[in-house]
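Working notes, structure below.
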């Protein structure tokens, strides 16, 4: 990345233990504005632990996090969201039987007061959902449509639209292409490209190296809680990425 650009996020000397397991061992990463950072590695490499610390799901044991140049304490999901960091997990991002509008405002429903009583402001949620989905060129006709009837790519798009509406500056996607059709993957990647142009940074974790290579600007490879490679995509070929990950696995098997 351009060293003249200030990182959006810096994670320095991050350590995490689970009992006797050293899940993260002195990890240092930066995420830059408008960057798509791909993180790869085998199971147990520490990928999800790292992003879960950033998302406030779990707490670090040692190290520090800087956000826009200032040291911050992220001890909860609420802390992360206040900073503009939102994590989207494949298994819990969306409730299929809820409408598009309901999903965008899931957990942060809009209300209005009728006399002494607060009720859901469904009209406002529909209007705001339509505004953000249109702005992001997410082609869904009705905000009352149940998300289970959207395509795979549209479904992920609804989850990301939620993050963008609430002014997230960094969106974390954990295995976002799992169970997506090739068309769904294309839709998702087109959508990611649109929000990157709006100034949003993304971290994507995936076991699918082809997908990571296709969408990422920079790629980090992890193994045994450490970063083994940190390279810009423009400087490597897909075969190089495959060799990086396979090479780590071969070392582990020796």
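Details
- Filtering 45, 80 for residues that are crowded, with 21+ Cβ neighbours inside 10 Å, in a loop (DSSP other than H, G, I, E, B) and under 18 Å from the mean Cα position of the chain (by Cα) leaves a single hit, 45.
- Long-range neighbours under 8 Å by Cβ, at least six apart or interchain, first residue more than 18 Å from residue 55 (Cα to Cα) within region 9-21, second part of a strand (DSSP E or B): none
Residues are listed down the side, and each one gets a yes or a no for (1) in contact with a helix residue (DSSP H, G or I) (Cβ under 7 Å, 6 or more places away or on another chain); (2) surrounded by 15 or more Cβ atoms within 10 Å (Cβ to Cβ); (3) on the phi < 0 side of the Ramachandran plot; (4) outside any strand (DSSP E or B):
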{"residue": "14", "(1), (2), (3), (4)": "yes, yes, yes, no"}
{"residue": "17", "(1), (2), (3), (4)": "no, no, yes, no"}
{"residue": "23", "(1), (2), (3), (4)": "yes, yes, yes, no"}
{"residue": "39", "(1), (2), (3), (4)": "yes, yes, yes, no"}
{"residue": "51", "(1), (2), (3), (4)": "no, yes, yes, yes"}
{"residue": "60", "(1), (2), (3), (4)": "yes, yes, yes, yes"}
{"residue": "74", "(1), (2), (3), (4)": "yes, yes, yes, yes"}
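- Matching residues in region 169-180 - criterion: being part of a loop (DSSP other than H, G, I, E, B) and in contact with a helix residue (DSSP H, G or I) (Cβ under 6 Å, 6 or more places away or on another chain): 176, 177, 180
- Restricting 124, 137, 131 to residues that are free of Cβ contacts under 8 Å to residues at least 60 places away in the same chain and at positive phi narrows the list to 137.
- Test: residue 212 is part of a helix (DSSP H, G or I), within 19 Å of residue 180 (Cα to Cα) and out of contact with any helix residue (DSSP H, G or I) (no Cβ under 7 Å at 6 or more places or on another chain): yes
- The set of residues in region 106-122 that are outside any strand (DSSP E or B) and in contact with a strand residue (DSSP E or B) (Cβ under 9 Å, 6 or more places away or on another chain) comprises 109, 110, 121.
- Residue match in region 147-164 (condition: touching a helix residue (DSSP H, G or I) at 6+ places or on another chain (Cβ under 9 Å), at pLDDT 85 or above and farther than 30 Å from residue 40 by Cβ): yes
- Each residue in region 226-240 was checked for being over 18 Å from residue 32 (Cα atoms) and without any contact (Cβ under 8 Å) to a residue 12 or more places away in the chain, and 3 pass.
- Single unsatisfied condition, residue 143 versus (1) touching a helix residue (DSSP H, G or I) at 6+ places or on another chain (Cβ under 8 Å); (2) under 24 Å from residue 41 (Cα atoms); (3) at pLDDT 90 or above; (4) surrounded by 17 or more Cβ atoms within 10 Å (Cβ to Cβ): (2)
- Region 153-168, residues that are assigned to a helix (DSSP H, G or I) and surrounded by 19 or more Cβ atoms within 10 Å (Cβ to Cβ): 153, 154, 155, 156, 157, 158, 159, 160, 161, 162, 163, 164
The values are calculated or read from the model by the stated rules, or taken from the named source; none is laboratory data. Source: prediction; values computed, not measured. Cβ atoms come from the backbone with ideal geometry, glycine included; neighbour counts cover every protein chain shown.
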